[in-house]
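Take a look at the structure below.
The values are calculated or read from the model by the stated rules, or taken from the named source; none is laboratory data. Remember, predicted model here, so these are calculated numbers, not experimental data. Counting neighbours? That spans all protein chains shown, and the Cβs are built from the backbone with ideal geometry, glycine included.
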Amino acid sequence: MSGANGMSTTAAPGGAETVPAPAGDGGGHRGGAGGYGVRRTLPLRVEAVRQFRRRRTLFAFGILLVLPWVLVAAFQLGGDPGGPDGMPSLVDVATSSALNFTLFALFVSTGFLLVVAVALFCGDTVASEAGWSSLRYLLASPVPRARLLRQKLAVALGYSVVAVLCLPLMSLVAGTAAFGWGPVELPTGGAVPAGTALGRMAVIVGYALVAQLVVAALAFLLSVTTDSPLGAVGGAVGLVIVSNILDAVTALGSWRDFLPTHWMYAWMDALQPQIQWTGMVKGTAVSVTYAVVLFALAFRRFRTRDVVS
């Protein structure tokens, strides 16, 4: 909003601050002497560097890169793997080849470790600025609210993608060093040639990324709602845990299909002799639908929020 004195309000309604109106047209494009332009504010490169320098980023990547080697050491020290109750599972064939080991690493990480990593990147990004009392100064730079949120979301999603990719890539390296290269041995018998298995691995990782979209969106919504990064990250992880608990209640019947985590492991259908797409298609539809709604709510909430920190 601009007044007659040439001042504009940049902070939130109810707690607005007045800052000098930038030079140039009202559309935010390149102006006069100041050369101000909306597209020049908060470049992705600047935000990416800021996020990368945070300890939580380095810690999260450190855990994801070290975990495959910890699993290798566990298998080397523990002897031959065996599934619970004698039921065939990925742990039975985890040491058969590097690809089997990678599938096992994804299986044990999908439901919690990857959830925490994605929630950390997307839940900390805005809430941490508010917690440090620097959010209103970013808005007064002046960085438009919608652009600030878009830039932060783009960087958070970018780091989330890298985090999800780090685990299978490092698992392939660790598995090749420890167990060698070979076809994927299926727990129920049979094998998938290495060349075909690599294509299926790409499908599996791609679906894992899509399945984590709902976690990213939920954490991001909480991040623009609270000033506590721990509350945003913990809230997202906690709601995922609640969804997993409800998914275990078989009395809910078909209602479980609408839970955001019900289809999280649908990528295992790619391990069948012939890929079964039904589960992954349903899971993609549910995850994308939740993500779109939650991201829209996040932008709406931030647009009307009083920024006082």
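For segment 88-115, how many residues are closer than 25 Å to residue 220 by Cα and buried (at least 21 other Cβ atoms within 10 Å of the Cβ)?
Qualifying residue count, segment 88-115: 5.
Could you tell me whether residue 257 is of a type in the set (Asp, Glu), under 20 Å from residue 56 (Cα atoms) and either modelled with pLDDT under 95 or in a helix (DSSP H, G or I) (or both)? Break it down stepwise before answering.
Numbers: of a type in the set (Asp, Glu): yes; under 20 Å from residue 56 (Cα atoms): no; either modelled with pLDDT under 95 or in a helix (DSSP H, G or I) (or both): yes.
No; evaluated as a whole, the condition is false for this residue.
Tell me which of these residue 275 doesn't satisfy, since it passes every other one: (1) more than 21 Å from residue 289 (Cα to Cα); (2) in a helix (DSSP H, G or I).
(2)
Any residue that is in contact (Cβ under 8 Å) with a residue 40 or more places away in the chain, surrounded by fewer than 18 Cβ atoms within 10 Å (Cβ to Cβ) and at positive phi - is there at least one of those in segment 201-216?
no
So which residues in segment 42-61 are under 15 Å from residue 150 (Cα atoms), among the aliphatic types (A, V, I, L, M) and touching a residue at least 12 places away in the same chain (Cβ under 8 Å), if there are any at all?
42, 44, 48
Say whether the condition of being modelled with pLDDT of 90 or more, part of a helix (DSSP H, G or I) and either in contact with a Leu (Cβ under 6 Å, 6 or more places away or on another chain) or among the β-branched types (Val, Ile, Thr) (or both) is met by at least one residue in segment 81-96.
No, because not a single residue in segment 81-96 is modelled with pLDDT of 90 or more, part of a helix (DSSP H, G or I) and either in contact with a Leu (Cβ under 6 Å, 6 or more places away or on another chain) or among the β-branched types (Val, Ile, Thr) (or both).
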